[in-house]
Amino acid sequence: MARTRGQKALDEAGNAEIGGTSVNDAPGPAELGGTSAQETCRREPQRKKARVTSEVGQSIFSNRGRSERGRKDLSLLPELPLDILLQIFLLLDPEDLLQVMVANKVFYRTLARPPLNIVWKLKREEYNAPEPAPGFTEARWMAFLFNSECCVCGALHSGVEFFLLKRICRDCRKNHYLTREDFGRNFPDSDIALLDFVPCTYYGAQSEMWGGNEPYYWEHDARETETAWKSLQQDISSKKRGAPKRLEAFKKERREFIDKIEEAADSSNEWASYLREERVETIIRRFVSLGYFQEDVRPQIENSRHFIILHGSANISDRVFETLKQKYEILIIKRRDERLRRLKIKATYTRCNILAKAWHSWLSLSTAPTSETLTYPRTHDLFHLPEVKAILDLDPSISVTTEDFQPIADDFPNIISRFIAKRTQDLTKQLPRSNYKKDSKPHPLKLATSVFCKPTDLSPKRQHGYPGEQGEVLIGWDMLSTCHFSASENDKDVLLSSRLPVYSDILSQHARMLVEDVCGFDPYTTTAKQMDAHDERFYCELCQESNDLTRFFGGHWEIESFTWRSALTHAWWHIFGEDGDEDEESLVPFDTLDAWDPELRERVRAKESIKSMAMLEALPVWYCNHCREDLFNDPFLNGHEDPSELYGQSGDLPLILKHLKKHHKIREPKERVDYLFNQMCRSYREQRVTMAVEEGETADEEEESGEEWDSDDDEEEEDVRDDEDEDDENGEDEDDNDVASFDNDACEESDGDD
């Protein structure tokens, strides 16, 4: 008959000393609650006895396994044969076996004494644990390895310290660890040399990580060593026989003991690290079995310092895993969602780049001028089309190519038409019905009284740096159709969304006042272009009232001149500026410069023509009207090396003129025909002009002062011409002369430009 593993283990135990207790000291059958191993092997199997029932037909043992409260009673478990008990105990994990051992005195005696204490050695070998340290029995060593209670305060989840052979919680580490500096304060009468005979560790008091080169000593070990040390020193002082030899023997014994501990600690730490890795891998596999990916689970588990993860055997019970699941599943899901979001962003940008290239490739083949392409949707507008969104929202693992966007590219003309029509409709809906007449012509968006402003809901982190000053007004279809604003819905959005200009009722009322009350035009038919052509100059009556005190004393005073557009921006500052009053119902009053001084307007315009044109030429606010490709403000395409090669890109006027001559062979370019002004920068052309006027000064004197100022500008222009003549000598005579002649023509014609 085959012998079981438990019977073999019991036979191997024999009469040898196991765990510090011999078989001869083993309790008898009555004490163990069972029979000895020899009696178990010799005794013949007993026949089954007939079940004895009570009068009511129930077994007399039916209530024996239950207590009065209805709980199960395991008091008869130690009465089982020893080999069966051993087989049961070997099926348990070390943690569970320790719990059984402390369940009651009977189980404690059964597992702590021979012959069943052989189970601790078998469990240690099963887990490849190191040999017991000096002074440890097998049972105590397994309790030290797998129990989590602090040896001082009994706190759970305490870390093991193999160099000190103790389990210590973090609080007790802080309270009972000694450094060499602490020893001098706590043991003032002792020689610090005795620390050489006290076990120490180099793992820090704050955590179980390596703390550096500073040793830490356990306070209780230091006191025990101090007591023995002082006793031997006292014997030497008393000149007792053999005292010096006993001191040397004590030193040697302590040194050998510490060497054994340190030697065993290294191997024990390696085993604990291996066991920790196995436990971590087991936990990861359990989470992966739930459907999570290793790249989401592994960082959360491996980087955790949780005691349940770092300590214990590789066998994870359902109860322990449920505890870990409640703590880490949320973190794993969060990491998974973040990883998928990054993959989604990467795939989205890749797909957007494919569509952007197809869009610009189509624009490069278009015959439409830039003035028309500026009204087309921006690249980010295409990304929000339903048919495009369906492709962008595909799983990142699905490959998307240019062919997938081909049906959309074939429909670009219809997409453009629908975009412009919807933009017109959405802007018109913002206008109050009282601003225009039914079926009126021109279109309501072209009227001078339809005033819009930059949207205010742009995300601070993602909005583009749009040119122009705050409060700049957007009036007329030329501006509304080409001013494209965009921002993200929130900071985590991948794609930008379009933002329409916002209708301003208060500024529209000011525009109505300028058109109807000041200029005397019909507000229902007067367009923005007609007001630009009228080219009137205005001054703010509120601002001029502040100069009354200066004029009263006969001092210098100034007057600010505005175009009708810049007058509305000035009104915005009066209402919404730092010192403005949004609740003020009255309008900011304006009047024409003709009402103040009929000749003052001409002097202002003369100053504007010189001042504004010189500044506008240097600003990158001009477009070539013949380039078909619209690349400006597109984050999905790479930059270009030579700015002169940027088709559709805005630039300063000399650069645009050079581009027209070099690439389009146009020798005398004309504004609005060959090149355009960026309407987003309209405020630069609507600069207000401040004129200094002295009380009693005649118009002729002011004219002379203006001429002197103009003469200085003329000298600067001559210097510019001299520089251009030098360029002519370098082989660029013809092109640069054309640029200079165009500059002069532009200065002369700037009075009528809008």
- On average, how much accessible surface per residue is there in region 94-223, in Å², for a 1.4 Å probe, leaving out ligands, DNA and RNA? 47
- Message: Strictly over 27 Å apart at the Cα level, which of Lys166/Lys251; Lys446/Lys665; Lys429/Lys670; Lys121/Lys327; Lys325/Lys389 would you flag in this model?
- Response: Lys446/Lys665; Lys429/Lys670; Lys121/Lys327; Lys325/Lys389
- Accessible-area composition of region 192-288, carbon plus sulfur, in percent [1.4 Å probe]: 50
- Rounded to the nearest whole Å², what accessible area per residue is found for region 339-437 with the 1.4 Å probe? 52
- Task: Quick one: order Tyr684, Tyr177 from most to least accessible surface, probe 1.4 Å.
- Result: Tyr684, Tyr177
- Can you list the equivalent-ellipsoid semi-axes of region 298-395, largest first and in whole Å, using the square root of 5 times each Cα gyration tensor eigenvalue? 52, 11, 10
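The values are calculated or read from the model by the stated rules, or taken from the named source; none is laboratory data. From a predicted model like this one, the values you see are computed outputs, not experimental measurements. Calculation scope for accessible area: heavy atoms of the full protein, side chains included, ligands and nucleic acids excluded. Shrake-Rupley method; radii C 1.70, N 1.55, O 1.52, S 1.80 Å.
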